[in-house]
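Asker: First, the structure itself, so that you have it in front of you.
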Amino acid sequence: MTLQTLTTFFAWTTTFHIVLLLLSSIAIMGFRKPIAQIHAKITGLSEAELSSLYFRFLANYKLGLILFSLVPYLALRLMLS
C-alpha cells in the first residue's frame, strides 16, 4: 500500500464520518423528543439522562473522528507535500 492510497483512504473515511456526525446531530436535534421516548422505553432511563448521553455520544464520536481519521489524513498529507 502506498502513501497516496492511504491518504485517499483516510480522506474518504474522514468525509464519511463527518457526514455521519452531521446527520446524527441533525437527527438528534430535530427529533429529540420522539427519539428520547423510544430510547427511554427501551433503556428505562429518563429523557433528561438521555439528553446528556446524546451530547456525550456526539462529543466522543467527534473526538474519535479527529483522532482516528482526520489526524492521520493530515499527517499523510504533510508527508506527501
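Asker: Do we find a residue being without any contact (Cβ under 8 Å) to a residue 12 or more places away in the chain and surrounded by 14 or more Cβ atoms within 10 Å (Cβ to Cβ) anywhere in the stretch 9-29?
Answerer: Yes, the conditions are met somewhere in the stretch 9-29.
Asker: Only residues that are farther than 30 Å from L6 by Cα and among the hydrophobic types (A, V, I, L, M, F, W, C): list them for the stretch 34-81, please.
Answerer: Residues satisfying the conditions are I35, A36, I38, A40, I42, L45, A48, L50, L53, F55.
Asker: Follow-up. For the stretch 1-35, enumerate the residues that are among the β-branched types (V, I, T) and farther than 21 Å from Y73 by Cβ. Outline the logic, then answer.
Answerer: Just the residues of the stretch 1-35 that are among the β-branched types (V, I, T), to begin with: 2, 5, 7-8, 13-15, 18-19, 26, 28, 35.
Hits for the stretch 1-35 are I26, I28, I35.
Asker: Is it the case, given these coordinates, that T13 is in contact with a helix residue (DSSP H, G or I) (Cβ under 8 Å, 6 or more places away or on another chain), on the phi < 0 side of the Ramachandran plot and among the β-branched types (V, I, T)? Step through it out loud before you land on a result.
Answerer: Values: in contact with a helix residue (DSSP H, G or I) (Cβ under 8 Å, 6 or more places away or on another chain): yes; on the phi < 0 side of the Ramachandran plot: yes; among the β-branched types (V, I, T): yes.
Yes; evaluated as a whole, the condition is true for this residue.
Every number here is computed from the coordinates shown, using simple stated rules; none is lab data. The model shown is predicted, which means the values in this text are computed figures rather than measured ones. Here the Cβ is made from the backbone with ideal geometry for all residues, glycine too, and neighbour counts use every protein chain on show.
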